[in-house]
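Working notes for the structure below.
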Amino acid sequence: MTTPAASHHTPTGKAQTIATWRSRGRMAVPTATDAIADVLIVRLFECTAVNGLPLDALIEAQVAINAPVKRFGVVFSAGPPDWPQYGMPVLWICDSDDGVGRWN
């Protein structure tokens, strides 16, 4: 009897992506050098807005166990958010793209 190889699943859409992040406890984010980093999610808060600005998730994550925890927001939308209004790092994930998003 053979066991089928595990397949890699790339989530699509806001609900599936957030559910995948929550179940894995990890997420991929772009780096400043256009690479992709896999970060450990410490806390994930689903939301609709923060201070009147659209925000789909507020995440606290770290790149390694002993690394400092960083907080950032995530916005899923067709167009980029109004970056300067947020006052914190925001990861924008375009509705029509299955990529890891883009930072402000």
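Are any of the residues in the stretch 75-86 among the hydrophobic types (A, V, I, L, M, F, W, C), under 19 Å from A15 (Cα atoms) and either assigned to a strand (DSSP E or B) or modelled with pLDDT under 90 (or both)? Yes, the conditions are met somewhere in the stretch 75-86. Filtering the stretch 49-64 down to residues that are in contact with a strand residue (DSSP E or B) (Cβ under 7 Å, 6 or more places away or on another chain) and part of a loop (DSSP other than H, G, I, E, B), which residue is nearest to T31 (Cα to Cα)? In this case the residue turns out to be V63.
Among the numbered conditions (1) in contact (Cβ under 8 Å) with a residue 12 or more places away in the chain; (2) surrounded by 13 or more Cβ atoms within 10 Å (Cβ to Cβ), the only one that G25 does not meet is (2). Here R71 meets each of (1) more than 12 Å from the chain's Cα centre (by Cα); (2) surrounded by 12 or more Cβ atoms within 10 Å (Cβ to Cβ); (3) at pLDDT 95 or above with one exception, condition (1). If you go through the stretch 57-66 and pick out every residue that is surrounded by 10 or more Cβ atoms within 10 Å (Cβ to Cβ) and modelled with pLDDT under 95, you end up with 1. Restricting to the stretch 40-52, and then to whatever is modelled with pLDDT under 95 and aliphatic (A, V, I, L, M), can you tell me which residue is surrounded by the most Cβ atoms within 10 Å (Cβ to Cβ)? If we take residues in the stretch 40-52 being modelled with pLDDT under 95 and aliphatic (A, V, I, L, M), then V50 is surrounded by the most Cβ atoms within 10 Å (Cβ to Cβ). Inside the stretch 75-104, residues that are touching a residue at least 40 places away in the same chain (Cβ under 8 Å) and aliphatic (A, V, I, L, M) make up a count of 3.
The values are calculated or read from the model by the stated rules, or taken from the named source; none is laboratory data. Remember, predicted model here, so these are calculated numbers, not experimental data. Backbone-built Cβ (ideal geometry, glycine too); neighbour counts: all protein chains shown.
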